[in-house]
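Notes follow once the structure below has been shown.
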């Protein structure tokens, strides 16, 4: 089962932009880094998001009640460049899962090749998301894997990425009760992006395909997603606005709702960074906001998410 916490997606926007800007700059040898700290507020009515406010539900055929959650945010991106052009790094690639990645990259004639390993930090899901009229209990879910990126292919703005993730739910009560809903398994994601210069900004369309291969056939899915972002950077600010949509179909009829599940999601996200505020060099103040609507042919999976947040950042060695 795929988890999405929108405040982490917002942070990923900032990291993607940071990476894009850095990619335009020639790497210099030595140690460099970026640190971000702050907080995010989310509001959601997701039935799957573990929280005390939706611990007990009375029907699996109705929308969930909205509740707010507040999260601290701590991001980092540390890099060591050698004179040979080889780069080692450790960062926090906030995406669908929060975690830490460590990898190595090298420029070749074909492009910049990046290989990394990923370990997800602690996260929780419901042991049985569909239990009604009793308090639902949380359990841990572990995520780990690896990935490969190839940027600036043949000197162009074309980029390719492959992600592999393994999911392991500690106490998968619903999977034990209904094997078609088992949530242990793996994800394979293939993505393409291309940047176009538009005036003094850049528009970056992207498409991706994700195969969710889980022990439960009704938890397995195919997901096609696409969208674009517009990025602009000046001496005093950096901004990004992105929109995306995705469509997911699941591999077998749901054993509780007796339907072949289909989900459609639409999202818009934005980030604005004030660079060198009050003449404090290498610092930034960043504002994040966004919303996402997920519509399913099974009401239980419908949800509306919004988030707002702010961080303060410091960059060194660049």
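Quick one: is residue 308 within 29 Å of residue 80 (Cβ to Cβ) and part of a strand (DSSP E or B)?
No.
Given the criterion part of a strand (DSSP E or B), more than 24 Å from residue 282 (Cβ to Cβ) and either without any contact (Cβ under 8 Å) to a residue 40 or more places away in the chain or in contact with a helix residue (DSSP H, G or I) (Cβ under 9 Å, 6 or more places away or on another chain) (or both), identify the matching residue among 240, 213.
213
So which of 17, 35 is in contact with a strand residue (DSSP E or B) (Cβ under 6 Å, 6 or more places away or on another chain), outside any strand (DSSP E or B), modelled with pLDDT under 95 and within 26 Å of residue 232 (Cβ to Cβ)?
Answer to the selection: 17.
In region 251-274, which residue that is under 10 Å from residue 296 (Cβ atoms) and more than 18 Å from the chain's Cα centre (by Cα) is surrounded by the fewest Cβ atoms within 10 Å (Cβ to Cβ)?
259
Matching residues to (1) over 30 Å from residue 185 (Cα atoms); (2) in contact with a strand residue (DSSP E or B) (Cβ under 7 Å, 6 or more places away or on another chain):
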site	(1), (2)
251	no, yes
256	no, no
261	no, yes
266	no, yes
277	yes, yes
280	yes, no
285	yes, yes
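Please go through region 80-105 and pick out each residue that is over 22 Å from the mean Cα position of the chain (by Cα) and either modelled with pLDDT under 90 or not in a strand (DSSP E or B) (or both).
Matches in region 80-105: 82, 83, 84, 85, 86.
Go through (1) in a strand (DSSP E or B); (2) at pLDDT 95 or above for residue 232 and report which single condition fails.
Condition (2) is where residue 232 drops out.
Test residue 133 against the criterion of being free of Cβ contacts under 8 Å to residues at least 12 places away in the same chain, under 25 Å from residue 49 (Cα atoms) and not in a strand (DSSP E or B), and give yes or no.
no
Any residue in region 252-277 that is closer than 30 Å to residue 314 by Cβ sitting within a Cβ distance under 8 Å of a residue that is assigned to a loop (DSSP other than H, G, I, E, B)? List the pairs, counting only those 6 or more apart or interchain.
Correct list of pairs: 274/236; 275/235; 275/236; 276/236; 276/282.
Could you grab me the full set of residues in region 260-279 that are modelled with pLDDT of 95 or more and in a loop (DSSP other than H, G, I, E, B)?
Of everything in region 260-279, those that are modelled with pLDDT of 95 or more and in a loop (DSSP other than H, G, I, E, B) turn out to be 260, 261.
Give me the pairs, please: first residue somewhere in region 220-235 and within 23 Å of residue 263 (Cα to Cα), second residue anywhere and assigned to a loop (DSSP other than H, G, I, E, B) and at pLDDT below 90, beta-carbon distance under 9 Å, and either six or more positions apart or on two chains.
221/2; 223/2
Have a look at 296, 284 and point out the one that is buried (at least 17 other Cβ atoms within 10 Å of the Cβ) and within 30 Å of residue 32 (Cβ to Cβ).
On inspection, the qualifying residue turns out to be 284.
Looking only at region 157-185, count how many residues are assigned to a loop (DSSP other than H, G, I, E, B) and within 20 Å of residue 226 (Cα to Cα).
The qualifying residues number 1.
Restricting attention to region 50-58, does a residue exist that is under 22 Å from residue 299 (Cα atoms), in a strand (DSSP E or B), touching a strand residue (DSSP E or B) at 6+ places or on another chain (Cβ under 7 Å) and modelled with pLDDT under 95?
No - not one qualifying residue is present in region 50-58.
Sort through 114, 128 and tell me the only one that's assigned to a strand (DSSP E or B) and touching a residue at least 24 places away in the same chain (Cβ under 8 Å).
Within the list 114, 128, the selection yields 114.
For residue 77, state whether it is in contact with a helix residue (DSSP H, G or I) (Cβ under 8 Å, 6 or more places away or on another chain), modelled with pLDDT of 90 or more and either within 25 Å of residue 301 (Cα to Cα) or not in a loop (DSSP other than H, G, I, E, B) (or both).
It is true that residue 77 is in contact with a helix residue (DSSP H, G or I) (Cβ under 8 Å, 6 or more places away or on another chain), modelled with pLDDT of 90 or more and either within 25 Å of residue 301 (Cα to Cα) or not in a loop (DSSP other than H, G, I, E, B) (or both).
Need pairs with beta-carbon distance below 8 Å; first residue over 12 Å from residue 263 (Cβ atoms) and within region 279-298, second at pLDDT 95 or above and assigned to a loop (DSSP other than H, G, I, E, B); sequence gap 6+ or separate chains.
none
Return the residues of region 187-200 that are surrounded by fewer than 16 Cβ atoms within 10 Å (Cβ to Cβ) and either assigned to a strand (DSSP E or B) or touching a strand residue (DSSP E or B) at 6+ places or on another chain (Cβ under 7 Å) (or both); say none if nothing qualifies.
Those that are surrounded by fewer than 16 Cβ atoms within 10 Å (Cβ to Cβ) and either assigned to a strand (DSSP E or B) or touching a strand residue (DSSP E or B) at 6+ places or on another chain (Cβ under 7 Å) (or both): 188, 190, 192, 194, 196, 197, 198, 200.
The values are calculated or read from the model by the stated rules, or taken from the named source; none is laboratory data. Owing to the predicted nature of the structure, the values given are computational and were not obtained by experimental measurement. Virtual Cβ from ideal backbone geometry, glycine too; neighbours counted across all protein chains shown.
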